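Novice: Okay, handing you the structure first.
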Ligand SMILES: CC(C)(COP(=O)(O)OP(=O)(O)OC[C@H]1O[C@@H](n2cnc3c(N)ncnc32)[C@H](O)[C@@H]1OP(=O)(O)O)[C@@H](O)C(=O)NCCC(=O)NCCS
């Protein structure tokens, strides 16, 4: 994909009601010119897929085929192309978040189910908290180090992209001067998209971050995704009144499934980037 394909990509995501914004694709293309592929025939654009390589593991996402071109094998070909590409780059594990209807397509290509990738949406009552503050330049190395430890790979390019473009909705939680967690969020037309949300310790820090992520006080419409295995996060989101929307299924090709690490991801970055 090239920058001039972004309107095509936005047309596809809009037709599916997804919440992507142009900056999501700019970030992917800035990360690697091979992070998104477009299927074309006789100059007609048919569909797209993203392939984000972190080295040891990667993510496939943004799989959409033009409605009138579906059920002719294009989605399968795009996914196979993206997976082969990630494997050639050395990624031993490839993850994706699948909608229910697409699971057979992925299973045919060797992906297996790991767990649900839950989605929550609703109004968060925002309020200031003495432990929560905006992210300063001096914090960035600690934020990146925490993220690397919890996520297990270097996604600093994407974190810096969010920090550069959406700093006013980025927060850290601190205690005695130490960074206990961070939250990045992107304001889209409809919703404040939260993620990544990563904490060193516990749901309490995550709740403070999610309530302190904007300068506004009062209700803010927000969305967040989290893996099913983080039961603390799921309990938190239910408690604060977010509604569960249709979950995706986290799938993997290659293996093994990584174990939980110390610290937790309370919000995934995005399905396409992990
Ligand atoms: C998923 C999608 C890219 C498949 O593209 P395609 O070119 O039709 O795919 P193929 O012809 O290679 O394979 C067809 C498979 O797509 C899947 N599929 C069918 N309808 C689907 C739908 N509404 N949504 C998602 N996947 C679907 C099924 O697995 C189907 O296989 P089956 O007929 O054996 O069940 C296309 O349906 C699409 O763009 N859907 C909307 C966006 C989306 O849901 N993307 C997947 C996110 S995980």
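Novice: Relative contact order of region 162-234: what whole-number percent is it, with Cα pairs under 8 angstrom and at least 6 residues apart? Can you show the working numbers first?
Specialist: Details: 110 pairs, mean separation 20.1, N = 73.
With pairs under 8 Å counted, the relative contact order is 28 percent.
Novice: In what sequence do 80, 171 fall when counting other Cβ within 10 Å, fewest first? Let's see the in-between values first.
Specialist: On the way: 80 15, 171 26.
Neighbour counts put them in this order, fewest first: 80, 171.
Novice: While we're on this one: Using alpha carbons only, how many angstrom separate the centre of region 205-261 from the centre of region 51-125?
Specialist: 20
Novice: For labels at residue 136 and residue 235 in the simple 7 Å Cα→Cβ model, what's the distance in nm?
Specialist: 3.5
Novice: Which value results when the Cα radius of gyration for region 24-146 is divided by 2.2 N^0.38 Å?
Specialist: Rounded to two decimals, the normalised Rg is 1.34.
Novice: Let me ask you something else. How high is the FRET efficiency from residue 80 to residue 44, r the C-beta distance, R0 22 Å, rounded to 0.05?
Specialist: Details: r = 20 Å, r/R0 = 0.92.
Step by step, r from the Cβ atoms, then E = 0.60.
Novice: I'm checking a number: the convex hull volume of the Cα atoms of the chain, normalised per residue, in Å³. What is it?
Specialist: 118
Novice: Follow-up question, since we're still on this one. Under the definition of Cα pairs under 8 Å and six or more residues apart, what whole-number percent is the relative contact order of the chain?
Specialist: 23
Novice: Just rank 129, 164, 24, fewest to most, by other beta-carbon atoms within 10 angstrom.
Specialist: Ascending number of Cβ neighbours within 10 Å: 164, 129, 24.
Novice: So how tilted is helix 202-211 from the main axis of the chain? Cα-based, degrees 0 to 90, rounded to 10.
Specialist: The answer is roughly 90 degrees.
Novice: Right, something else. Counting each pair of different Cα atoms once, what's the Kirkwood radius of region 119-267 in Å, rounded to one decimal?
Specialist: 15.5
Novice: Using only the Cα atoms of region 75-204, what semi-axes does the equivalent ellipsoid have when each is the square root of 5 times a gyration tensor eigenvalue? Give whole Å, largest first. If you can, show how the numbers build up before the last one.
Specialist: Working: eigenvalues 210, 67, 40 Å².
They are 32, 18, 14 Å, listed largest first.
Novice: State the percent of C-alpha pairs, over all pairs in region 121-173, separated by a distance greater than 17 angstrom.
Specialist: It works out to 44 percent of all Cα pairs.
Novice: What does the extension gain come out to for residue 168 and residue 14, with contour length at 0.36 nm per residue minus their alpha carbon separation?
Specialist: 52.9 nm is the gain from fully extending residue 168 to residue 14.
Novice: Could you order peptides 235-242, 29-36 by the average number of other Cβ atoms within 10 Å of their residues, highest first?
Specialist: Details: 235-242: 16.2, 29-36: 18.0.
Averaged packing, sorted descending, gives the order 29-36, 235-242.
Novice: Against the globular-protein guess of 2.2 N^0.38 Å, express the Cα radius of gyration of region 3-96 as a ratio, rounded to two decimals. Present the calculation step by step, with values, prior to reporting the outcome.
Specialist: Numbers: Rg = 12.8 Å, N = 94, 2.2 N^0.38 = 12.4 Å.
Taking the Cα Rg and dividing by 2.2 N^0.38 Å, one obtains 1.04.
Novice: Counting helices only, and only those DSSP H runs with n ≥ 4, report the 222 nm mean residue ellipticity of the chain as the sum of -39,500 (n - 2.57) divided by its residues, in deg cm²/dmol to the nearest 500.
Specialist: -9000 deg cm²/dmol
Novice: Among 89-97, 249-257, what's the highest-first ranking by average C-beta atoms within 10 angstrom per residue?
Specialist: Highest mean packing first, the order is 89-97, 249-257.
Novice: Of 166, 182, how do they rank once you tally other Cβ atoms within 10 Å and put the fewest first? Display every interim value, and only then the final one.
Specialist: On the way: 166 16, 182 27.
Least crowded to most crowded, the residues run 166, 182.
All of the numbers you see were taken from the coordinates with simple rules; none came from a lab. Treat the numbers as computed from the prediction; the structure is a model and nothing was measured. Here Cβ is always computed from backbone atoms with ideal geometry, including for glycine, and neighbour counts include all displayed protein chains.
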